[in-house]
Amino acid sequence: MFEYGCQVMRENLRRRFPHLDEVAIEQQLHQWLRTRPGAEHGDGEGRIGTWPRSRP
């Protein structure tokens, strides 16, 4: 499912930025994966934590 989503986003980026080469499209895809709306802090539900976890 993840790979399919990446393929769809690549095609979307190619349509939005037809002047970009494949390297630039991949860079745009990686940027989108890091900052996409709704997952700014990752895909997990719950509170944002630190790693490694610290114990009180």
Starting from residues that are closer than 12 Å to M9 by Cα and aliphatic (A, V, I, L, M), keep the ones in the stretch 22-42 and report whichever is modelled with the lowest pLDDT. L33
Looking only at the stretch 1-35, count every residue that is of a type in the set (V, I, T) and touching a residue at least 12 places away in the same chain (Cβ under 8 Å) and tell me the total. 1
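The values are calculated or read from the model by the stated rules, or taken from the named source; none is laboratory data. None of these values were measured; they are calculated from a predicted model. In this analysis, Cβ positions are derived from the backbone assuming ideal geometry, glycine residues included, and neighbour counts consider all displayed protein chains.
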